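A.B. asks: Mind having a look at this structure? Questions to follow.
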C-alpha cells in the first residue's frame with residue numbers, strides 16, 4: 001500500500017475586508033482521516049478552495065507527497081490526483097447519472113464515439129458498490145438532493161484520487177446512506193489515501209476521524225488526536241468558550257396560545273391526508289426520514305406546490321394560496337431546506353436579500369428607498385450577529401451560518417408581520433456555536449407569539465427544541481409525541497412505521 005501525504009504550508013489569504021487565512025500550516029497523512037473543524041467563517045472553505053485550485057493563496061503553498069504545488073485552476077488540482085466534494089453540488093442537472101460521473105473521461109469506442117454500453121456498465125458497478133436504487137440513465141436534476149450528493153461522491157470515487165476532501169458530505173443523507181459513505185471512506189483509508197473531512201456533526205467526527213485540526217478566525221488553534229479528546233474540549237477550541245448544555249440553557253416559551261394554523265386532510269402529489277394544528281408561541285417539530293414528505297407538505301402550505309384537496313385555516317379563516325407571495329402577505333414565512341438554491345439571491349447584497357419580501361414597503365415614489373433598505377439590513381446584522389464588514393457584501397461571500405441568519409433577518413424585520421415561521425433544516429451545514437444561537441432564536445420567536453414549524457433530520461435537535469413532534473412516513477403523519485415523552489427510539493419507530 002502506497003501512503004500519500006498533504007501539507008498546507010503557511011497559507012495566507014485575504015479578501016476585501018476579511019483576512020480569511022492567517023498563515024495556516026498542518027500535515028495530513030495517508031491512511032488517516034483528518035477532520036477540519038471550526039465555526040462558520042473560520043477558513044475551512046477557503047482552504048478547500050485553495051486545495052481544489054478554485055483560488056490561489058496570497059502566500060504559502062501546498063505540498064503533495066513532499067513536492068511543492070501551486071494550483072491555478074481546478075484542472076491542475078484534478079491532474080495532481082485531488083478531488084474536493086463541496087456542499088454545493090458540481091453537477092449538470094440536465095445530464096444523466098453516468099454522464100455526470102464520467103463527464104471528464106467518457107469511454108470511447110474504436111471510431112472515437114462514446115461507448116454507451118461500456119459507460120453504463122462502469123456506472124452500474126459504482127452504483128452497486130454504493131447500493132443505491134438509481135439507474136445510470138436517470139436524469140440528475142430529477143433526483144432528490146440526497147441522491148445528487150451521492151452522485152457527486154461517486155464522481156470523485158471514480159477518479160480514484162489520492163487526496164479526497166469532503167465538505168459536509170452527509171448534510172442531506174439518511175443514516176443508511178451515511179453508513180455506506182463511511183464504509184467507502186474506510187476502504188479509501190486502507191488504500192493509503194489522504195482524507196480531509198469537514199463536518200459540523202460532532203458524532204460523525206468522533207466516529208470517522210483519526211486527527212482533528214481546529215481553525216478559528218483564519219488561524220490554526222489546535223491539532224488533536226481524536227481518540228485522546230472529547231466533545232467539550234473540541235467545542236471550546238472551536239468557539240473559544242464552553243457553551244455548556246446547549247438545550248438545558250434554552251429560554252423557552254411557557255405561554256402557548258390559541259390555534260394559529262390548522263391543516264385538515266391535506267392531499268398533494270406527495271402528501272396523503274395530513275392533519276395537524278400549530279398554536280401561537282409553539283415550536284412544532286417535524287421528524288421523518290428523507291422522502292417522508294415533510295418538505296413537500298410545507299411547500300404546499302406556503303403556496304409553492306399545488307394542493308389537490310384538503311383545508312388550511314389561519315386563525316380560523318380558510319385560506320388557499322396560489323403563490324408564496326400570497327402566503328407571505330398572510331403572515332407565513334419559509335426558510336427552505338436548500339437556502340442557496342431557493343432562499344437567497346447569492347450574487348446580490350445582504351441589504352437586497354433582506355428587503356426582497358417588503359419592496360412595496362420600502363419604496364419612495366417610483367424608486368426604492370436605499371436608506372430604509374440599509375436600515376433593515378443593519379438591524380438584522382446587529383440582531384443576529386451576522387459577521388460581515390458591510391451590508392453591501394454579497395451573500396455568496398458569507399459563511400453558511402451567516403447566510404442562514406440573513407434569511408431569518410429577512411422574515412423577522414420590522415417591516416414584516418410574520419405569524420408562522422417554517423424552518424426547514426435551519427442548522428444544516430452550520431457550526432456548533434451558531435447552532436446554539438439558532439436554537440435560542442427559535443425559542444425567542446415562540447416567546448414573541450410566532451408559531452414555529454421546525455424541520456430537522458437531526459433527531460437530537462428536533463426532540464430538544466420542539467414542544468410537540470409530528471413524525472412523517474411515506475407522506476403521512478405516523479404519530480405525534482410531546483418533548484417530555486419523546487425518545488429517539490420512539491420517533492424512529494414512528495418514522496419507519498408501515
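A.B. asks: Which condition number does residue 112 fail, the rest of (1) on the phi > 0 side of the Ramachandran plot; (2) surrounded by 12 or more Cβ atoms within 10 Å (Cβ to Cβ) being met?
C.D. replies: (2)
A.B. asks: Taking residue 380 as the residue in question, decide whether it is in contact with a helix residue (DSSP H, G or I) (Cβ under 6 Å, 6 or more places away or on another chain), outside the structural domain of residue 200 (by TED's automatic domain parsing) and part of a strand (DSSP E or B).
C.D. replies: No; evaluated as a whole, the condition is false for this residue.
A.B. asks: Sticking with this structure for a sec: Could you identify the single residue in 453, 469, 422 that is assigned to a strand (DSSP E or B) and more than 27 Å from residue 89 (Cβ to Cβ)?
C.D. replies: Selected residue: 469, the only one of 453, 469, 422 that is assigned to a strand (DSSP E or B) and more than 27 Å from residue 89 (Cβ to Cβ).
A.B. asks: Could you identify the single residue in 224, 234 that is touching a strand residue (DSSP E or B) at 6+ places or on another chain (Cβ under 7 Å), touching a residue at least 12 places away in the same chain (Cβ under 8 Å), assigned to a helix (DSSP H, G or I) and within 20 Å of residue 433 (Cα to Cα)?
C.D. replies: Checking each option against the conditions leaves just 234.
A.B. asks: Further question on the same structure: Residue 291 - would you say it is surrounded by fewer than 22 Cβ atoms within 10 Å (Cβ to Cβ), assigned to a strand (DSSP E or B) and outside the structural domain of residue 16 (by TED's automatic domain parsing)?
C.D. replies: no
A.B. asks: Here are the criteria: (1) in contact with a strand residue (DSSP E or B) (Cβ under 8 Å, 6 or more places away or on another chain); (2) more than 22 Å from residue 187 (Cα to Cα). Tell me which single one residue 6 does not satisfy.
C.D. replies: (2)
A.B. asks: Next question, about the same structure. Can you tell me which of 387, 415 is in contact (Cβ under 8 Å) with a residue 24 or more places away in the chain, surrounded by fewer than 20 Cβ atoms within 10 Å (Cβ to Cβ) and within 19 Å of residue 327 (Cα to Cα)?
C.D. replies: 415
A.B. asks: Moving on. Tell me which residues, restricted to the range 123-149, are within 27 Å of residue 76 (Cβ to Cβ) and touching a helix residue (DSSP H, G or I) at 6+ places or on another chain (Cβ under 7 Å).
C.D. replies: Correct list: 123, 126, 140, 148.
A.B. asks: Name the one entry in 249, 265 that is at pLDDT 95 or above, exposed (fewer than 15 other Cβ atoms within 10 Å of the Cβ) and more than 23 Å from the chain's Cα centre (by Cα).
C.D. replies: Criteria check complete, one pass: 265.
Table: residues versus (1) touching a helix residue (DSSP H, G or I) at 6+ places or on another chain (Cβ under 9 Å); (2) part of a strand (DSSP E or B); (3) buried (at least 18 other Cβ atoms within 10 Å of the Cβ).
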residue: 300; (1), (2), (3): no, no, yes
residue: 306; (1), (2), (3): yes, no, no
residue: 311; (1), (2), (3): no, yes, no
residue: 328; (1), (2), (3): yes, no, yes
residue: 334; (1), (2), (3): yes, yes, yes
residue: 337; (1), (2), (3): yes, no, yes
residue: 342; (1), (2), (3): no, no, no
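A.B. asks: If you take just the helices (runs of 4 or more DSSP H) that sit entirely in the range 110-208, which of them hold at least 2 residues that are under 29 Å from residue 66 (Cα atoms) and in contact (Cβ under 8 Å) with a residue 24 or more places away in the chain?
C.D. replies: 145-159, 175-190, 202-208
A.B. asks: For the range 54-89, which residues satisfy the criterion of being outside any loop (DSSP other than H, G, I, E, B), more than 20 Å from residue 198 (Cβ to Cβ), in contact (Cβ under 8 Å) with a residue 12 or more places away in the chain and out of contact with any strand residue (DSSP E or B) (no Cβ under 7 Å at 6 or more places or on another chain)?
C.D. replies: Listed by number, the residues that qualify are 75, 76.
A.B. asks: Anything in the range 425-450 that is modelled with pLDDT of 90 or more, assigned to a loop (DSSP other than H, G, I, E, B) and closer than 17 Å to residue 335 by Cα? List them, or say none.
C.D. replies: 450
A.B. asks: Scanning for something modelled with pLDDT under 90 and within 30 Å of residue 63 (Cβ to Cβ), does the range 133-145 turn up at least one residue?
C.D. replies: no
A.B. asks: Of the residues 94, 45, which is crowded, with 18+ Cβ neighbours inside 10 Å and either more than 30 Å from residue 436 (Cβ to Cβ) or in contact (Cβ under 8 Å) with a residue 60 or more places away in the chain (or both)?
C.D. replies: Within the list 94, 45, the selection yields 45.
A.B. asks: Can residue 283 be described as crowded, with 20+ Cβ neighbours inside 10 Å, over 20 Å from residue 446 (Cα atoms), modelled with pLDDT of 95 or more and touching a helix residue (DSSP H, G or I) at 6+ places or on another chain (Cβ under 9 Å)?
C.D. replies: In short, no.
A.B. asks: (1) out of contact with any strand residue (DSSP E or B) (no Cβ under 6 Å at 6 or more places or on another chain); (2) touching a residue at least 60 places away in the same chain (Cβ under 8 Å); (3) outside any strand (DSSP E or B): which one isn't true of residue 19, the others all being true?
C.D. replies: Among (1) out of contact with any strand residue (DSSP E or B) (no Cβ under 6 Å at 6 or more places or on another chain); (2) touching a residue at least 60 places away in the same chain (Cβ under 8 Å); (3) outside any strand (DSSP E or B), the lone unmet condition for residue 19 is (3).
A.B. asks: Any chance you could count how many residues in the range 294-314 are in contact with a strand residue (DSSP E or B) (Cβ under 9 Å, 6 or more places away or on another chain), under 16 Å from residue 264 (Cα atoms) and in contact (Cβ under 8 Å) with a residue 60 or more places away in the chain?
C.D. replies: So the answer is 6.
A.B. asks: Suppose we filter 166, 130 for residues that are assigned by TED's automatic domain parsing to the domain that holds residue 195 and crowded, with 20+ Cβ neighbours inside 10 Å; which single one remains?
C.D. replies: After ruling out the rest, the residue left standing is 166.
A.B. asks: Is it the case that some residue within the range 358-375 is modelled with pLDDT of 85 or more, closer than 27 Å to residue 454 by Cα and in a helix (DSSP H, G or I)?
C.D. replies: Among the residues of the range 358-375, not one is modelled with pLDDT of 85 or more, closer than 27 Å to residue 454 by Cα and in a helix (DSSP H, G or I), which makes the answer no.
A.B. asks: Now, a different point. So which of 36, 51 is touching a helix residue (DSSP H, G or I) at 6+ places or on another chain (Cβ under 9 Å), within 23 Å of residue 223 (Cβ to Cβ) and outside any strand (DSSP E or B)?
C.D. replies: 51
A.B. asks: Then there's this: Does residue 353 satisfy being within 21 Å of residue 445 (Cβ to Cβ), surrounded by fewer than 21 Cβ atoms within 10 Å (Cβ to Cβ) and touching a residue at least 12 places away in the same chain (Cβ under 8 Å)?
C.D. replies: Here the answer is no, as residue 353 does not meet what is asked.
The values are calculated or read from the model by the stated rules, or taken from the named source; none is laboratory data. Small disclaimer: the values here were computed from a predicted structure and weren't measured. Virtual Cβ from ideal backbone geometry, glycine too; neighbours counted across all protein chains shown.
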